[in-house]
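Participant: My questions all concern the structure below.
The values are calculated or read from the model by the stated rules, or taken from the named source; none is laboratory data. Note that the structure is a prediction, hence the values are computed from the model and not measured. As a convention, Cβ positions derive from the backbone with ideal geometry for all residues, glycine included, and neighbour counts pool all protein chains shown.
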Amino acid sequence: MSKKYDVIVVGAGPVGSYTAYQLADKGLNVCLLEQKKEIGEDVICAGVLGKEAFKRYDLPVKSIISRIGSVTFVSPQGQRLKYEPGDIFTYVVDRKMFDKGLLKQARRCGVDVFMKQKVTSIRRSRNSCTVACSRRKYPGKIVVLATGVDYKLHSKIKMGKPSKFLYGYQIEMPISFSQSNIDIHLGYDFAPGSFGWVVPAGKNASKIGVILQRKGKAWLEKMLEQKLNFSAAKLDEDAIESKLIAFGPIKRSVKGNILAVGEAAGQVKTTTGGGIFYGLLCSEIAVEKVVKTVKDGNSLEDYELAWRSALMSEFDIGKRLRQIAVRLNDRDIENLFSFVKKNRFWVQLLVPRIDFDYHSNFIFYCLESFQSFLDVT
């Protein structure tokens, strides 16, 4: 048995490492358990993170590989709409450097980090928990699950998992586009009800991907053929990476003295599938509640209410948008692009509502504007 910790964090991804770092910075005795041998390996992520995240949180700036000043939306027939606010508004990070940087911060702040520790079970009592790995046990007062989309431990402690998932497919290719622009491609043939992307991944590389409500690498292959004129026959299918993405939160993110944060709680944008910012936001909330629980004996249940109050409207509007989007065909999309191009006054009213991390205001405005135009209710 190890020494008893105030908090045991399971999972050393960005949200787990940041949570451990912040808890240690608040004076708690923290350990961080990670099943991988090395952090940052086999991470499937476009690496797009809003500028606001770097302003609000202590994140590794050295991991930034591209500074994005515009996003270009491309219709099935090639119409283009460019959002260019006049300043850098988001970054692309090297996820390996990003994750390693956060883990390094946790270590510097005094977190005990244990790699190659696959958690097999969690035994809890009223005031303590014991986290068991294959060869070692870690006792503590509170456990924070930051396990990403791995919900095996959730099932064992009857915490549950998201009821639905999206599917992400991505490939990194040695082709270079603008280093300051992201392309978002729309088209029913390769991304029904959703979208594909081309994101700069350094000087001579780009990440190309799709996010869908259906399984299948063939969707990404279709996008490569239709939008980038790249023959799928030349493609090594093993180079296409896939990821399960939580679509909505789990029913309960607190179970006694165990809580889940980040993807482990389904705290992921239902619009884009991005999870880092919402994970960091909920980590901030979790840290505050955990510190009060350890020091003052407060209940962790306040965490559930706090983060849901902050984000549930965002989750709900994203789900509504996808329900509508899946009913649109390419002709509908072309009509939408034409409408936006012809109505500059409408665009001037729309732009102030755009927020990289909070989409509800922007989406509500669009849905209200397009309701009669698209005949969707």
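Yes/no matrix, rows are residues, columns are (1) touching a helix residue (DSSP H, G or I) at 6+ places or on another chain (Cβ under 6 Å); (2) modelled with pLDDT of 95 or more; (3) over 22 Å from S66 (Cβ atoms):
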{"position": "V93", "(1), (2), (3)": "yes, yes, no"}
{"position": "D99", "(1), (2), (3)": "yes, yes, no"}
{"position": "R107", "(1), (2), (3)": "no, yes, yes"}
{"position": "D112", "(1), (2), (3)": "no, yes, yes"}
{"position": "S128", "(1), (2), (3)": "no, no, yes"}
{"position": "A132", "(1), (2), (3)": "no, yes, yes"}
{"position": "K156", "(1), (2), (3)": "no, no, yes"}
{"position": "M159", "(1), (2), (3)": "no, no, yes"}
{"position": "Y169", "(1), (2), (3)": "yes, yes, no"}
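Participant: Regarding K37, is this residue farther than 20 Å from R124 by Cα, in contact with a Ser or Thr (Cβ under 8 Å, 6 or more places away or on another chain), of a type in the set (K, R) and in contact (Cβ under 8 Å) with a residue 24 or more places away in the chain? If you could, list the steps in order and put the result at the bottom.
Facilitator: Details: farther than 20 Å from R124 by Cα: yes; in contact with a Ser or Thr (Cβ under 8 Å, 6 or more places away or on another chain): no; of a type in the set (K, R): yes; in contact (Cβ under 8 Å) with a residue 24 or more places away in the chain: yes.
For K37, the condition - farther than 20 Å from R124 by Cα, in contact with a Ser or Thr (Cβ under 8 Å, 6 or more places away or on another chain), of a type in the set (K, R) and in contact (Cβ under 8 Å) with a residue 24 or more places away in the chain - is not met.
Participant: Determine which single condition G216 fails, assuming it passes every other condition in (1) among the small types (G, A, S); (2) at pLDDT 95 or above; (3) in a loop (DSSP other than H, G, I, E, B).
Facilitator: So G216 meets the others, but not (2).
Participant: Return the only residue of A205, A191, A201, A233 being more than 23 Å from R331 (Cβ to Cβ), buried (at least 18 other Cβ atoms within 10 Å of the Cβ), out of contact with any Ser or Thr (no Cβ under 6 Å at 6 or more places or on another chain) and among the hydrophobic types (A, V, I, L, M, F, W, C).
Facilitator: Values: A205 fails: buried (at least 18 other Cβ atoms within 10 Å of the Cβ); A191 fails: more than 23 Å from R331 (Cβ to Cβ); A233 fails: buried (at least 18 other Cβ atoms within 10 Å of the Cβ).
Result: A201 is the single residue among A205, A191, A201, A233 that is more than 23 Å from R331 (Cβ to Cβ), buried (at least 18 other Cβ atoms within 10 Å of the Cβ), out of contact with any Ser or Thr (no Cβ under 6 Å at 6 or more places or on another chain) and among the hydrophobic types (A, V, I, L, M, F, W, C).
Participant: Scan the stretch 108-140 residue by residue and report those that are on the phi > 0 side of the Ramachandran plot and either of a type outside the set (D, E, K, R) or crowded, with 20+ Cβ neighbours inside 10 Å (or both). Outline the logic, then answer.
Facilitator: At the first step, the residues of the stretch 108-140 found to be on the phi > 0 side of the Ramachandran plot are 110, 116.
Within the stretch 108-140, G110 is the sole residue that qualifies.
A quick yes/no check of all residues on (1) under 28 Å from Y91 (Cβ atoms); (2) small (G, A, S); (3) crowded, with 20+ Cβ neighbours inside 10 Å:
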site	(1), (2), (3)
K292	no, no, no
E301	no, no, no
W307	yes, no, yes
A310	yes, yes, no
R327	no, no, no
F339	no, no, no
W346	no, no, no
L350	yes, no, no
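Participant: Which residue out of Y138, Y151 is assigned by TED's automatic domain parsing to the domain that holds F114, at pLDDT 95 or above and farther than 21 Å from G248 by Cβ? Steps first, answer last, please.
Facilitator: Values: Y151 fails: farther than 21 Å from G248 by Cβ.
Answer to the check: Y138.
Participant: Could you tell me how many of the residues in the stretch 228-254 are part of a strand (DSSP E or B) and either in contact with a His (Cβ under 8 Å, 6 or more places away or on another chain) or among the β-branched types (V, I, T) (or both)? Steps first, please.
Facilitator: First, the residues of the stretch 228-254 that are part of a strand (DSSP E or B): 241-246, 254.
With either in contact with a His (Cβ under 8 Å, 6 or more places away or on another chain) or among the β-branched types (V, I, T) (or both) added as a condition, the list becomes 245, 254.
Residues in the stretch 228-254 being part of a strand (DSSP E or B) and either in contact with a His (Cβ under 8 Å, 6 or more places away or on another chain) or among the β-branched types (V, I, T) (or both): 2 in total.
Participant: So which residues in the stretch 291-336 are in contact with a strand residue (DSSP E or B) (Cβ under 6 Å, 6 or more places away or on another chain) and either within 30 Å of F73 (Cβ to Cβ) or touching a residue at least 60 places away in the same chain (Cβ under 8 Å) (or both), if there are any at all?
Facilitator: V294, L300
Participant: Right, next: Quick one: is K164 basic (K, R), under 22 Å from K217 (Cβ atoms) and either under 28 Å from the mean Cα position of the chain (by Cα) or modelled with pLDDT under 95 (or both)? Write out each step before concluding.
Facilitator: Working: basic (K, R): yes; under 22 Å from K217 (Cβ atoms): yes; either under 28 Å from the mean Cα position of the chain (by Cα) or modelled with pLDDT under 95 (or both): yes.
Taking the combined requirement at face value, the residue satisfies it.
Participant: Same structure, new question: Has the stretch 154-163 got at least one residue that is polar (S, T, N, Q), surrounded by fewer than 21 Cβ atoms within 10 Å (Cβ to Cβ), under 21 Å from V9 (Cβ atoms) and in contact with a Lys or Arg (Cβ under 9 Å, 6 or more places away or on another chain)? Before you say what the answer is, go through the steps one by one.
Facilitator: First, pick out the residues of the stretch 154-163 that are polar (S, T, N, Q): 155, 163.
In the following step, the residues that additionally are surrounded by fewer than 21 Cβ atoms within 10 Å (Cβ to Cβ) were identified as 155, 163.
Okay, now just the ones that are also under 21 Å from V9 (Cβ atoms), so 155.
Next, only the ones that are in contact with a Lys or Arg (Cβ under 9 Å, 6 or more places away or on another chain) stay: 155.
Yes: one or more hits.
Participant: Out of the residues in the stretch 353-376 that are closer than 22 Å to T272 by Cα and assigned to a loop (DSSP other than H, G, I, E, B), which is modelled with the lowest pLDDT?
Facilitator: Across the stretch 353-376, the extreme among qualifying residues is V376.
Participant: Say we look at the stretch 236-248 and pick out the residues that are within 30 Å of L311 (Cα to Cα) and not β-branched (V, I, T); which of these is surrounded by the most Cβ atoms within 10 Å (Cβ to Cβ)? Walk me through it before giving the result.
Facilitator: Within the stretch 236-248, the subset within 30 Å of L311 (Cα to Cα) is 241-248.
Among the residues that remain, those that are also not β-branched (V, I, T) are: 241-244, 246-248.
Details: E241: 18, S242: 14, K243: 18, L244: 17, A246: 25, F247: 22, G248: 19.
It comes out as A246.
Participant: Using beta carbons and a limit of 6 Å, which pairs, at least six apart or on different chains, have the first residue in the stretch 357-372 and outside the structural domain of L281 (by TED's automatic domain parsing) and crowded, with 16+ Cβ neighbours inside 10 Å and the second one modelled with pLDDT of 85 or more and not in a helix (DSSP H, G or I)?
Facilitator: D357/G50; H359/T271; F362/I354
Participant: For I182, only one of the following conditions fails: (1) assigned by TED's automatic domain parsing to the domain that holds E263; (2) under 18 Å from the mean Cα position of the chain (by Cα). What is its number?
Facilitator: Among (1) assigned by TED's automatic domain parsing to the domain that holds E263; (2) under 18 Å from the mean Cα position of the chain (by Cα), I182 violates only (1).
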